[in-house]
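The values are calculated or read from the model by the stated rules, or taken from the named source; none is laboratory data. Every value quoted in this text rests on a predicted model; they were computed, and no experiment measured them. Virtual Cβ from ideal backbone geometry, glycine too; neighbours counted across all protein chains shown.
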Amino acid sequence: MYLIIGGDSEIGSAARHRLAEAGDKVAVTTRRAGGDASRILLDLSTPPCAWPVPPGIQSACLCAAIARLGDCAADPIGSARINVEHSVALVELLVARGIHVLFLSTNQVFDGTAPHVTPATPTAPVSEYGRQKARTEAALLALQRQGAPIGILRLAKVVSPGIALLRGWAENLKAGRPIQAFADMMMAPTPVALVASAIEALLHTRAQGIYQLTGPQDVSYAEIGRHIAERVGAPSRLVEPVTAASAGMPEGTTPRHSTMDSSRLDQRFGIRVPGPWQVIDAALTSY
């Protein structure tokens, strides 16, 4: 049986569905008390040392985290408690029972000055979120060197069908209303379905070490806005380029590059992200 920690998240939900469709038994956790009785309560705001690990788990994927850069910057101590201390403690609890753990990390462990960074590139985070993820990675890699069965999957921008941002832009542009889009914020979009496929493959094989999955090319949010305008037949002048700083976005929001070398997943499992416009068009088509 597989365990998805943070089954209410976008990625956790997609991974659960993917595993279930493959015929696997899946347990999921939630931090929301009093919700779906089929979900196991686990709140990483409290120490997980005494958490009763469900029996029969062979691999677990740790999706739960405070992932918004602004939230981590606003509360570095409280967010680190979840993203670092309690996450590491939970992994230690699981691997002590022989359970393989896949930890989801981020391109934010790098500074974004170079494209297609390899898994072996030294981390150099510039955001509080990135610093926290880098600290957790370091702790888990130390455990792995001691023989613990741990894998790490680094992701960047994940796009779901009908994503609210793109849907809102399409609706406004189609109605002739202007939108504002960051000219200095980049993404190399990855479809959530491919992320779920990668998680499935890594859990099934109890993969260890660092894997990465991003699109092959960075594009700015403003470029995406103009692409959507063209798709819906709106004039590109309705897309107003703005800076992330003008919206009060936190440090680390505007790396020049978010792409990472994803060749290990491609070579081992044939998982490859298409170009950005194909990903964006697929999201818009679903909408």
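Just to verify a result, which residue in segment 254-276, among those that are touching a helix residue (DSSP H, G or I) at 6+ places or on another chain (Cβ under 7 Å) and crowded, with 16+ Cβ neighbours inside 10 Å, is nearest to Gly215 (Cα to Cα)?
Let us first name the residues in segment 254-276 that are touching a helix residue (DSSP H, G or I) at 6+ places or on another chain (Cβ under 7 Å), namely 258, 260, 265, 269, 271-273.
From what is left, the residues that are crowded, with 16+ Cβ neighbours inside 10 Å are 258, 260, 265, 269, 271, 273.
Values: Ser258: 9, Met260: 8, Leu265: 12, Phe269: 16, Ile271: 11, Val273: 5 Å.
The qualifying residue nearest to Gly215 (Cα to Cα) is Val273.
State which residue is farthest from Arg81 (Cα to Cα) when the search covers only segment 133-160 and only residues that are of a type outside the set (Gly, Ala, Ser) and touching a Pro at 6+ places or on another chain (Cβ under 8 Å).
Val159
Table: residues versus (1) loosely packed, with under 13 Cβ neighbours inside 10 Å; (2) not hydroxyl-bearing (Ser, Thr, Tyr).
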{"residue": "Ile11", "(1), (2)": "no, yes"}
{"residue": "Ala15", "(1), (2)": "no, yes"}
{"residue": "Gly23", "(1), (2)": "yes, yes"}
{"residue": "Val26", "(1), (2)": "no, yes"}
{"residue": "Ala33", "(1), (2)": "yes, yes"}
{"residue": "Ser38", "(1), (2)": "yes, no"}
Condition set in a helix (DSSP H, G or I) and not polar (S, T, N, Q), scope segment 137-158, selection surrounded by the most Cβ atoms within 10 Å (Cβ to Cβ): answer is Leu140
Residue by residue through segment 246-282, note down the ones that are free of Cβ contacts under 8 Å to residues at least 60 places away in the same chain, in a helix (DSSP H, G or I) and of a type outside the set (D, E, K, R). Ser246, Ser263, Gln267, Trp277, Gln278
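A quick yes/no check of all residues on (1) crowded, with 17+ Cβ neighbours inside 10 Å; (2) assigned to a loop (DSSP other than H, G, I, E, B):
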| site | (1), (2) |
| --- | --- |
| Ala50 | no, yes |
| Pro55 | no, yes |
| Ala64 | yes, yes |
| Ala67 | yes, yes |
| Cys72 | yes, no |
| Gly78 | no, no |
| Ala89 | no, no |
| Ala120 | no, yes |
| Arg135 | yes, no |
Any idea which of Ile224, Ile199 is crowded, with 21+ Cβ neighbours inside 10 Å, more than 18 Å from the chain's Cα centre (by Cα) and in a helix (DSSP H, G or I)? Ile224
Given (1) in contact (Cβ under 8 Å) with a residue 24 or more places away in the chain; (2) under 26 Å from His17 (Cβ atoms); (3) part of a loop (DSSP other than H, G, I, E, B), where does Ser38 come up short, assuming only one miss? (1)
I need every pair where a residue in segment 145-164 that is touching a residue at least 24 places away in the same chain (Cβ under 8 Å) has its Cβ under 8 Å from the Cβ of a residue that is assigned to a strand (DSSP E or B) and small (Gly, Ala, Ser), sequence separation at least 6 or different chains. Gly151/Gly209; Ile152/Ser105; Ile152/Gly209; Leu153/Ser105; Arg154/Ser105; Leu155/Ser105
List, please: which pairs have Cβ atoms under 7 Å, are six or more places apart or on different chains, and start with a residue in segment 102-118 that is under 10 Å from Pro255 (Cβ atoms) and end with one that is not in a loop (DSSP other than H, G, I, E, B)? Asn107/Arg154; Asn107/Met260; Gln108/Tyr129; Gln108/Gly130; Gln108/Lys133; Phe110/Val117
Restricting to segment 177-196, and then to whatever is out of contact with any Asp or Glu (no Cβ under 9 Å at 6 or more places or on another chain), farther than 14 Å from Gly275 by Cα and of a type outside the set (A, V, I, L, M), can you tell me which residue is surrounded by the most Cβ atoms within 10 Å (Cβ to Cβ)? Phe182
Kindly list the number of the only condition in (1) more than 30 Å from Glu21 (Cα to Cα); (2) part of a loop (DSSP other than H, G, I, E, B) that fails for Pro161. (1)
Check Glu251 against each of (1) surrounded by 17 or more Cβ atoms within 10 Å (Cβ to Cβ); (2) more than 24 Å from Glu171 (Cα to Cα); (3) modelled with pLDDT under 95 and name the one condition it does not meet. (1)
